[in-house]
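Quick notes on the structure that follows.
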Amino acid sequence: MSGVQQNRAMSKNAGNQQIVVGTVPKIADSKSLHNYTLSPGWTKEEVEILKICLMKFGIGRWKKIIKCGCLPSKTISQMNLQTQRLLGQQSLAEFMGLHVHLDRVFNDNLKKVGPQVIRKNNFIINTGDNQTAIERDARIKLNKQKYGLKADEIKALKLPKSLAGNGKAKGGKDSLILSIDQIFSAKSNFSVIEKIQHLQRLQGALETKLSAIERRRLKKEEQKKYRAIKQSIIVQRQVNLEGKEEYEFVGISNIA
């Protein structure tokens, strides 16, 4: 039967043997195929941003991701752990620097079975010996061929500018400014410290906005005080007995 595997169970009822036939979905048809787990402190929206950053900048390019300002509240350690969950495996060495289709890697890892495959939080953990440099380079090359994004695909990826923030954090980096509703939403999954950090950013953004409004108000007031006078001074040029030019004040004329 296409798309399913037959699963037979044997039972006895009143001395007669019965065969109960059921269907078990194949792993490729599983509804949980894309159900990667969220690391503590991550929202689904933030994970989607991380996925875009990983595909655009490359796996392990944490400094570039931090510099782009899309995930200002995340540390390298947090991004590293969530990337493991996105790929479905603990080891990132064989993907370092690669721009790959994350979902394809996750799906393939989800299909892996066997006594050597041990999972935790829905990703495969390391159990064997560490890879040698030669083995790692060979795996990187293979993964690039199998999962790599094309140059035009990478170029087409757009960072979510609307989520990059309107304020500036210390050091001149963009901050993520959330509303009160977003900060305290049940879906945000923020820790108490992260909520405080977002509230501080919101406060700073509001103070900056109010200061800008006040500066514009004062500027308008100054412009009213020192309005340009639309008048011209009329003078008459004359030549004195020594042959030198002199200018004599005649009056003031209003400019229409």
So what is log10(I(q)/I(0)) for the range 44-164 at q = 0.13, 0.15, 0.22, 0.23 1/Å, when the Debye sum runs over its Cα atoms only? -0.52, -0.69, -1.39, -1.48
Ranked by how many other beta carbons lie within 10 Å on average, peptides 116-128, 94-106 from highest: 94-106, 116-128
Using mean Cβ contacts within 10 Å as the protection proxy, how do 55-61, 135-141 order, highest first? 55-61, 135-141
If N is the residue count of the range 33-108, its Cα Rg over 2.2 N^0.38 Å rounds to 0.98
Reachable aspartates and glutamates, given that their alpha-carbon falls under 19 Å from the alpha-carbon of Lys195 and they are not under 8 places away in the same chain: Glu45, Glu46, Asp174, Asp181, Glu207
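Rule-based calculations on the coordinates, nothing more; no lab input. What you see is a predicted model; the values in this text were computed from it and never measured. Cβ sites come from the backbone with ideal geometry, for glycine too, and all protein chains shown count toward neighbours.
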